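Working notes, structure below.
The values are calculated or read from the model by the stated rules, or taken from the named source; none is laboratory data. Since the structure is predicted, the reported quantities are computational estimates derived from the model, not experimental observations. When we count neighbours, we look across all protein chains shown, and the Cβ atoms used for this are built from the backbone with ideal geometry, even at glycine. Just so you know, the surface numbers come from the protein's heavy atoms only, side chains and all, with ligands and any DNA or RNA stripped out. Shrake-Rupley method; radii C 1.70, N 1.55, O 1.52, S 1.80 Å.
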Amino acid sequence: MSQADADITPFFADDNEGEGPVENGVGSPLPEDEESPSGVTDRRAIMTVIVLCYINLLNYMDRFTVAGVLPDIEHFFGIGDGTSGLLQTVFICSYMFLAPLFGYLGDRYNRKLIMCVGIFFWSVVTLASSFIGKDHFWALLLTRGLVGVGEASYSTIAPTIIADLFVKEKRTNMLSIFYFAIPVGSGMGYIVGSKVDTVAKDWHWALRVTPGLGLLAVFLLMLVVQEPKRGAIEAHPEHTLHRTSWLADMKALCRNPSFILSTFGFTAVAFVTGSLALWAPAFLFRAGVFTGVKQPCFKAPCDDSDSLIFGAITVVTGILGVASGVQASKLLRTRTPRADPLVCAAGLLLAAPFLYLSIMFAQASTVATYVFIFLGETFLSMNWAIVADILLYVVIPTRRSTAEAFQIVLSHLLGDAISPYLIGVVSDSIKESNSYMWEFRSLQMSLLLCSFVAVAGGAFFLATAVFIEKDRDLAENYVPSDDAPIVVPRSGRSTKVSVSSVLI
């Protein structure tokens with residue numbers, strides 16, 4: 001098989017990527033570089049991670065550009081907190097419900113092609129959303145929902161490619177680099193969105209930055225990324241992993257307590273980050289108006305300094321949080337195999353009081369508010385890479401995309417799909433008048449919910465620590481059932497039947 005052949009897996013193919021090394025036409029290994037069992041050279045694997053990190057950064061940058069210009073969008077369409085909260089909710093719902101479909105496809109077909117198609121679609125729809133007029137808010141909601149289609153095609157698949165390229169500590173390191181892009185991309189979304197809005201004096205231009213970068217991402221995917229063989233880098237020589245039905249995969253995942261409990265813990269992280277992502281800049285602006293530091297916004301563009309500062313804080317705390325989480329986990333692993341869920345629990349339980357203080361101090365000291373936000377977001381960011389690593393080592397390779405999709409559905413369904421809208425609705429229901437005081441107070445009270453959700457998330461990670469050793473051992477030493485499907489001819493076609501049905 002040539003390098004080109006290895007790079008292009010037919011989409012409608014039952015690819016058995018874990019079976020044997022890649023060879024050239026004369027049966028000798030490819031000469032380019034030392035090749036791992038994944039079928040991808042070490043140099044190509046590093047380049048693949050770099051491209052996937054770039055796309056993940058772009059993914060989150062686009063997601064939070066809207067939050068960076070939210071006051072302008074509210075003013076442009078003349079909408080309240082509850083309605084503007086729908087922008088994030090619609091996107092997350094679309095992203096969430098389509099994740100299982102792409103998870104199913106990602107476990108069975110060419111992941112590179114799926115990502116290329118999804119990112120191209122996302123880029124086109126994002127560009128289209130930047131031409132919507134003030135009488136068509138429904139169209140903005142629709143396009144934000146369609147953007148979720150493209151992002152679902154990427155987010156469920158990219159971590160599984162990294163998992164098929166690296167193992168153990170190297171995998172953890174690569175995942176931490178990959179997940180640096182979440183806070184960094186989110187912060188850049190606020191910064192780029194607000195600055196482009198200020199320069200162009202029109203929030204629509206903020207949505208025209210990422211589409212061109214998305215098309216570049218498609219080109220890099222096609223040129224650089226090579227599809228690795230699923231599970232080959234960690235498969236045991238005495239057996240080859242086989243695919244099972246989607247229903248069998250789901251049953252196995254539901255019987256995996258570490259996966260389920262860590263997913264509920266990550267749901268709490270998604271709830272808090274989703275709430276802060278959309279509402280923190282608006283809350284800080286209202287706090288400034290309430291204290292007399294800022295003037296109310298009567299005409300767009302509004303004062304976007306809070307979006308810039310919050311974006312910068314998100315970038316820095318994301319880098320510090322992800323790095324410190326990974327390092328704390330590595331150090332604690334020398335003492336206990338339960339290190340990962342314990343670090344995740346500590347991150348959430350430490351974040352909760354600082355988030356509470358940041359919300360309560362907003363009426364008294366802007367500096368104190370930013371300091372507490374910095375500390376709260378740092379501890380909150382400790383979870384990102386570790387949660388992903390937990391999923392990858394407690395789930396067998398042939399179920400990982402499905403597990404990623406399930407985690408996305410559950411964490412977003414109960415997390416950031418509802419939290420922005422819920423915070424907005426609670427804020428509107430508390431508000432007794434349209435005064436500047438009540439606009440600030442109502443949003444302040446509703447955001448306090450985030451601290452209590454963070455505590456609940458910490459409890460779920462503590463529960464995960466009880467089961468993590470057993471579930472990791474089961475995944476690492478997984479042996480397919482003796483009644484695993486085999487292929488036999490039937491009516492001129494191949495079909496999969498159980499071993500017991502053909503034994504005499």
(message) What's the total number of residues in the stretch 97-111 that are crowded, with 24+ Cβ neighbours inside 10 Å, farther than 19 Å from residue 415 by Cβ and among the aliphatic types (A, V, I, L, M)?
(response) 0
(message) Restricting to the stretch 128-144, give me the number of residues that are part of a helix (DSSP H, G or I), in contact with a helix residue (DSSP H, G or I) (Cβ under 7 Å, 6 or more places away or on another chain) and farther than 14 Å from residue 59 by Cα.
(response) 6
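Can you tell which of 406, 361 is free of Cβ contacts under 8 Å to residues at least 12 places away in the same chain and assigned to a helix (DSSP H, G or I)?
361
Let's see how each residue does on (1) open to solvent by less than 20 Å² (accessible area, probe 1.4 Å); (2) touching a residue at least 40 places away in the same chain (Cβ under 8 Å); (3) assigned to a helix (DSSP H, G or I):
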site: 376; (1), (2), (3): yes, no, yes
site: 401; (1), (2), (3): yes, yes, yes
site: 412; (1), (2), (3): yes, yes, yes
site: 438; (1), (2), (3): no, no, yes
site: 454; (1), (2), (3): yes, yes, yes
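For residues that are open to solvent by 30 Å² or more (accessible area, probe 1.4 Å) and among the hydrophobic types (A, V, I, L, M, F, W, C), scanning just the stretch 414-428, find the one that is farthest from residue 454 (Cα to Cα).
Going residue by residue through the stretch 414-428, those that are open to solvent by 30 Å² or more (accessible area, probe 1.4 Å) are 414, 418, 421-422, 425-426, 428.
Filter once more, so that each one left must be among the hydrophobic types (A, V, I, L, M, F, W, C): 414, 418, 422, 425-426.
Details: 414: 13, 418: 15, 422: 16, 425: 20, 426: 18 Å.
This residue is 425.
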(request) Hey, can you tell me all the residues within the stretch 189-206 that are surrounded by fewer than 24 Cβ atoms within 10 Å (Cβ to Cβ) and assigned to a helix (DSSP H, G or I)? (result) 191, 192, 195, 196, 198, 199, 200, 204, 205
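Identify the residue in the stretch 456-485 that is out of contact with any Lys or Arg (no Cβ under 7 Å at 6 or more places or on another chain) and at pLDDT below 80 and, among all such residues, is most open to solvent (accessible area, probe 1.4 Å).
Filtering the stretch 456-485 down to residues out of contact with any Lys or Arg (no Cβ under 7 Å at 6 or more places or on another chain) leaves 456-464, 466-467, 470-484.
Then keep just the ones that are at pLDDT below 80; that gives 478-484.
Values: 478: 57, 479: 93, 480: 21, 481: 73, 482: 142, 483: 70, 484: 16 Å².
Only one residue fits best here, namely 482.
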(request) Look through the stretch 164-200, keep the residues that are modelled with pLDDT of 80 or more and among the basic types (Lys, Arg), and return whichever of them is nearest to the chain's Cα centre (by Cα). (result) 170
(message) Here are the criteria: (1) of a type in the set (A, V, I, L, M, F, W, C); (2) under 16 Å from residue 134 (Cα atoms); (3) open to solvent by 10 Å² or more (accessible area, probe 1.4 Å). Tell me which single one residue 73 does not satisfy.
(response) (3)
(message) Cβ contacts < 9 Å: first residue free of Cβ contacts under 8 Å to residues at least 60 places away in the same chain and farther than 20 Å from residue 466 by Cα, restricted to the stretch 341-355; second residue among the β-branched types (Val, Ile, Thr) and open to solvent by 40 Å² or more (accessible area, probe 1.4 Å), any location; separation 6+ or different chain. Result?
(response) 354/371
